[in-house]
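The values are calculated or read from the model by the stated rules, or taken from the named source; none is laboratory data. Predicted model, so just to flag it, every value in this text is computed and none were measured. Cβ coordinates were reconstructed from backbone atoms using ideal geometry, including for glycine residues, and neighbour counts include every protein chain displayed.
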Amino acid sequence: MNYTLHQLRIFVEVVKEQSVTEASKKLNISQPALSIQLKNFQDQFDKPLTEIHSRRIHITEFGLAISEIAENVLSEAEMIQYRTKEYDGLVTGKLSISSASTGKYVFPYFITEFHQKHPGIDLELDVTNKTKVIEDLANNLVDFALVSVIPDGIDVYEEILLKNDLYLVGDQPTFNEDTSLIYRESGSATRASMDKYFKGRKKRKSIKLTSNEAVKQAAIAGLGYSILPLIGIKNEIKNKQLYIVKSKGLPISTKWRLIWLKKKKLSHAAEAYLDFIKQNKEEIIKTKFDWYLNNDL
């Protein structure tokens, strides 16, 4: 056999995603190139690793067994890389974090300096919807999750980072009874806040979109009004593309928090990051979010 680490990585990703298309996106490889490498890997075995049923890829029992071994091989290969860096006096390892979509306005400021100080640590940051964030955390696929609401049914520790204020906004400073409402998809923390705020009020025409960015652009275009985190609309407010509507019961205030499983044994990289956050978060908030804390818009 003459397989490569690259082929092992491709096969493991295909097994995880159950899709050649999704695996190619995750690995940033064209689908034809990935398919060629997958075939070259398969050709080294006289038993099938995958099968196609109803135009979907399915992993055989033999393929699952090979995938498990491949993951172990890749893990050991990573350790060679990290051990080499450790001999140079670097903190090494992999740091994986899953963030709710609106966390993209917050989290870069809490990771940049750490990433610069620790070149031996590989960072994996997945910005996605809240449902997947919680799934990844519950399945122990990430070290930390960045959320604004602690999930039910999961025992976690938390480190609070920053307040999260949500306001009613639209393309005009007034809000009347006939105005449409723009919602996030079910499961979103922003959607839950909006549902709670408008519960029991007059029914309005509503629109559902699947990202805060889409909601923001729809509100700018005059499609309707929505409740959005202030942290993500700074420029739009300053440029008068969006207006905050003064309304009783607003802002809705939560907190951005870093959470991790109580049962999880943190790696050296994860412990180093947690120490960094505890020691530096106040300075980061002071220097990067002064406008936000003082509503200086």
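Observations on the model:
- Failed criterion for Ala269 (all others in (1) more than 25 Å from the chain's Cα centre (by Cα); (2) modelled with pLDDT under 90 hold): (1)
- Count of residues meeting criterion [closer than 19 Å to Leu146 by Cβ and free of Cβ contacts under 8 Å to residues at least 40 places away in the same chain] in region 245-282: 4
- Test set (1) in the same structural domain as Glu185 (by TED's automatic domain parsing); (2) farther than 20 Å from Ile285 by Cβ; (3) surrounded by fewer than 19 Cβ atoms within 10 Å (Cβ to Cβ) - Lys264 fails condition number: (1)
- Enumerated helices (runs of 4 or more DSSP H) restricted to region 1-103, each holding at least 2 residues that are modelled with pLDDT of 90 or more and more than 23 Å from the chain's Cα centre (by Cα): 5-17, 31-42, 61-86
- On inspection, Ile233 does not qualify as touching a residue at least 60 places away in the same chain (Cβ under 8 Å) and surrounded by fewer than 18 Cβ atoms within 10 Å (Cβ to Cβ).
- Residue in region 256-266 that is in a loop (DSSP other than H, G, I, E, B), at pLDDT below 90 and of a type in the set (D, E, K, R) present: yes
- Filter pass, Lys288 being surrounded by fewer than 14 Cβ atoms within 10 Å (Cβ to Cβ) and at pLDDT 90 or above: no
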